[in-house]
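Presented below is the structure to which this report refers.
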């Protein structure tokens, strides 16, 4: 193999959003004609980096070289002109336009469309044949499957002359079969000399398709590896990172009867993607059940399904003496009435109403409580007193119930939500990412409160992407991978390596690579051999 | 005063005042262009609106209509809905009030007629908003589209009913027969005369009290009850509302019905209070004016009363202006209203960045802490 030059070279890219250091002196070199994976957890800075590369944001400092030339992108048009094409996680297509019309959008080539359309049709047919990207050019987008829509996005990028393709979580919305097809296209593109950057947090895909992989964590590039020199376990470790294990003071669990029984829970979202697959577990009084997994593997859906926010597609849930399934949903207010509290993963989107005062946010979900309502009157005095008390108990600073929720720091917002959900002494507590963006002192406090609830005989379900949090707080751990439970383990038997293995899921029932090889042997398509 | 408070005051007070002044300044330029002395015009306008008792009566009478429709828009707005169907809801509310009156025995007392007509207006106004609300909540049809279509439907329906069903026997004009005098909302000048004060006659009637009661009730409902909480939570963040056990579909229905009912009350002021019969097009302009009033009043009852007074003043003073000055037609009111809407609505935040930079600059301290205490 001859020495290849770099398609992309990023040097010391730095970007801050207020107090958040999204990219901290990030360096990256992508060899021309390779498939380069970039992995990292949500919020690690991958998307920011790609947005800088594509001209959406401008770096505070650093240098961008594309195919040997230094550029300053202030607009995505500059990036496109330099030969970069981007396929976003959420497609940027006009639903009621045809494929052809979508592709020429922005490059119509004149006042009248006919000429541009004819030229585009010719070029697209050629591209389609060259890369095996077959799409009906006259079909409207809304009649195409998600996989085909993605193919249109790729065609669009290639049509605009992209030599480097960036794909952000391309398989997140695809079925396994569509994933296999996508990887086949990647191979064909690679053969034609196109450089591909694949952003994902799915380790299995990284291992099966990439040549090199770079790992981001907390805004920094922490490692570069040749894919053949690494393994899933190492990558998982690099991604999650080793931090000082916060010791949590806790005695043995006094486990009692199950308070929640989840049987064969399956959730399909509105786009038809299966987010949870056949998940079954029990949650018992007096224990903390940890749910581990790389984020985006069904944890959000699990929490929301258990809390009655999203509908269950199949299976049923028994909770505190009531049952719910597809036909008989229980709404969040009924579940709260039963004694189920929920600290959502995303405090800004769901946990509080940022425009409301703290005392009003501290009321969310409990605004119909009898003790603050007298007849029609919602007693403001009682609401404020309730918030004041909660702020004291959970050390929310500043302890001002009238302050707008948005004006509290992340940690204090989180304590406000935890206080709201915990102070009413629920029987079952669902907690998502309790310490995300929370400082060390508050983390300790939050962990103590969780343990205190467990010791009081309550059942706690803890969803977290922080492995050490899962290991130190939970009594038992289940691991979610791609919506299914890929491992169950007692906390005392768990270590990061084992959990990492489970999170990467060595036992994945549908192995894209295997399926791909099957497809290859059963058809006469030319699929390039993959580096492993 | 800390920065947060300053920004609050800039938003609440300074911005609306500056916007209105800008609108007036541009109006002055318009006057100057059509060879009218702006100062003279302003004098006539103000005298027409506030210079004598009858003028004041008219001003408050118009203000009453704007309070009803402004509140209507605000309630829907707090639920995240843009109800631009105030016109139709007011119109159909009039039908409700009229039918309630005609169905009752004309010999009954006012104590029965007036509540009945109010209930009729509330119910019919709510009903006219209920259908778009249902379509939004359960069928996903956009409320802006459906409410504006319902304005046209209301207009057509009323033309049909007024011409074919409700027209007074033997009359050519499409209007109903007079309401029995028992059903009339008392005029303020009559009430005053009853108490021994003598003021000039004007259309001003006791509906203005009803409007003020509604303003207080809306404030109480939105900020002091669990239902108001549910409405505001849905409007601000419907995801969080669902998490909190609130059902956005129901909230849409409730908020729109209240909104429609409030708009329906315009007919109490116009028909039960002044015209004393069902007439065509009594509602024109108030429904849309209510949008501007709510925008200017920041969707708060106090702000709405102030903004409604401004619009009432423009209505009455503008009419006076058209009457007094030969070069000015009544359309000048529409121009002034349009400019107020333009600067208070569309260009609402024009001065904001500048005001915040000069009056509430970010200090090193506040930006570093992120929270101002």
Item to check | Dimensionless Rg/Rh of the protein assembly as shown - Kirkwood Rh, Rg from C-alpha atoms | outcome: 1.04
Item to check | For chain B, the Rg and Dmax computed from alpha carbons only, in angstrom | outcome: 22.1, 79
Item to check | Simple spin-label estimate for residue A:60 and residue A:399 in nanometres, 7 Å along Cα-Cβ | outcome: 3.5 nm
Checklist entry - Label-point separation (nm) for residue B:354 and residue A:327, each offset 7 Å from Cα along Cα-to-Cβ? => result 6.6 nm
Item to check | Extent along principal axes [Cα atoms of the range B:58-121; Å; largest to smallest] | outcome: 44, 26, 17
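When a footprinting reagent is the concern and you count Cβ atoms within 10 Å, what order do B:162, A:502 take, fewest first?
The fewest-first ordering by Cβ neighbours comes to B:162, A:502.
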Next on the checklist: Shape verdict for the range B:274-332, please, from the Cα gyration tensor: rounded (a/c under 1.5), prolate (a/b greater than b/c) or oblate.
Outcome noted: oblate
Checklist entry - Which whole number gives the average, over all residues in B:241-251, of C-beta atoms from other chains lying within 10 Å of the residue C-beta? => result 6
Checklist outcome for this item: In degrees, nearest 10, the alpha-carbon axis of helix A:380-393 is tilted away from the dominant principal axis of the alpha carbons of chain A by 80 degrees
Checklist entry - How high is the relative contact order of chain B, given as a whole-number percent (alpha carbon pairs under 8 Å, six or more residues apart)? => result 34 percent
Item to check | Rg and Dmax of the range A:249-400, Cα atoms only, in Å | outcome: 17.8, 47
Item to check | Beta bridges by DSSP in chain A, antiparallel share as percent, to the nearest 5 | outcome: 60 percent
Item to check | Among beta bridges that DSSP assigns inside the range A:63-192, antiparallel share in %, nearest 5 | outcome: 50 percent
Checklist outcome for this item: In degrees, nearest 10, the alpha-carbon axis of helix A:146-159 is tilted away from the dominant principal axis of the alpha carbons of chain A by 50 degrees
Checklist entry - Using every alpha carbon pair in the range B:240-373, what percent of pairs falls into each 10 Å bin from 0 up to the bin containing the largest distance? => result 10, 24, 29, 21, 11, 5, 0
Next on the checklist: If packing is taken as the average number of other Cβ atoms within 10 Å across a peptide's residues, how do A:282-291, A:329-338 rank, most packed first?
Outcome noted: A:282-291, A:329-338
Checklist entry - In what order do B:227, B:128 fall by count of nearby beta-carbon atoms within 10 Å, going from fewest to most? => result B:227, B:128
Next on the checklist: Relative to 2.2 N^0.38 Å, what does the C-alpha radius of gyration of the range A:113-237 come to as a ratio? Two decimals please.
Outcome noted: 1.20
Checklist outcome for this item: Here P(r) for the range A:95-162, Cα-Cα distances in 5 Å bins, as whole percents, is 3, 18, 33, 26, 15, 4, 1
Checklist entry - Based on the Cβ-Cβ distance from residue B:29 to residue A:224, what FRET efficiency comes out when R0 is 56 Å, to the nearest 0.05? => result 0.30
Item to check | Ordering of A:349-361, B:96-108 by packing [mean C-beta count within 10 Å, highest first] | outcome: A:349-361, B:96-108
Item to check | Angstrom value of the Kirkwood radius, inverse mean 1/r, which spans all Cα pairs in the range B:137-210 | outcome: 16.3 Å
Checklist entry - Where the Cα atoms of the range B:99-226 are projected onto their three principal axes, how long is each span, largest first, in whole Å? => result 56, 49, 27
Item to check | Overall dimensions of the range B:11-105 as given by Cα atoms, namely Rg and Dmax in Å | outcome: 18.8, 57
Checklist outcome for this item: Expressed to one decimal in nm², the mean projection of the alpha carbon convex hull of the range A:284-337 is 4.4 nm²
Checklist outcome for this item: Residue-normalised 222 nm signal for chain A, counting each DSSP H run of n ≥ 4 as -39,500 (n - 2.57), nearest 500 deg cm²/dmol, is -9500 deg cm²/dmol
Item to check | the range A:66-122 versus the range A:430-489: alpha-carbon centroid distance in Å | outcome: 45 Å
Checklist outcome for this item: Computed over the range A:13-78, the convex hull of the Cα set has an average projected area, in nm², of 4.8 nm²
Checklist outcome for this item: Counting all Cα-Cα pairs in the range A:351-425, those more than 17 Å apart amount in percent to 34 percent
Checklist entry - What residues of the range B:99-122 lie in the reach of a label at residue B:181, counting those whose backbone N is under 16 Å from a point 7 Å from the Cα along Cα→Cβ? => result B:106-111
Next on the checklist: So, R0 is 30 Å and r is the distance between the beta-carbons of residue A:32 and residue A:136; what FRET efficiency does that work out to, to 0.05?
Outcome noted: 0.40
Item to check | Approximate spin-label separation residue B:280-residue A:125, in nm, with each point projected 7 Å along Cα-to-Cβ | outcome: 6.2 nm
Checklist outcome for this item: With R₀ set to 30 angstrom, the calculated FRET efficiency between the beta-carbons of residue B:139 and residue B:107, to the nearest 0.05, is 0.05
Checklist entry - Between residue A:492 and residue A:237, what length comes free when the chain is fully extended (0.36 nm per residue of separation minus the Cα-Cα distance, one decimal in nm)? => result 89.9 nm
Checklist entry - Per residue Cα convex hull volume for chain A, in cubic angstrom? => result 176 Å³
Checklist entry - Could you give the distance between the Cα centres of the range A:249-318 and the range B:303-319, to the whole Å? => result 58 Å
Next on the checklist: Quick check: from the Cα gyration tensor, does the range A:341-499 come out rounded (a/c under 1.5), prolate or oblate?
Outcome noted: prolate
Checklist entry - Using Cα atoms only, what is the angle between the long axis of helix A:512-522 and the major principal axis of chain A, expressed in degrees (0 to 90) to the nearest 10? => result 40 degrees
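Order by neighbour count: B:22, A:48, fewest other Cβ atoms within 10 Å first, most last.
Going from sparsest to densest Cβ surroundings: B:22, A:48.
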Next on the checklist: Restricting to bridges with both residues inside the protein assembly as shown, how much of the DSSP beta-bridge set is antiparallel, in percent to the nearest 5?
Outcome noted: 60 percent
Item to check | Relative contact order of the range B:136-225, pairs being alpha-carbon contacts under 8 Å that are 6 or more residues apart, as % | outcome: 13 percent
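Values quoted throughout were computed directly from the atomic coordinates according to the rules given, and no laboratory measurement underlies them. In this text, all values refer to a predicted model and were calculated from it rather than measured experimentally. Cβ atoms come from the backbone with ideal geometry, glycine included; neighbour counts cover every protein chain shown.
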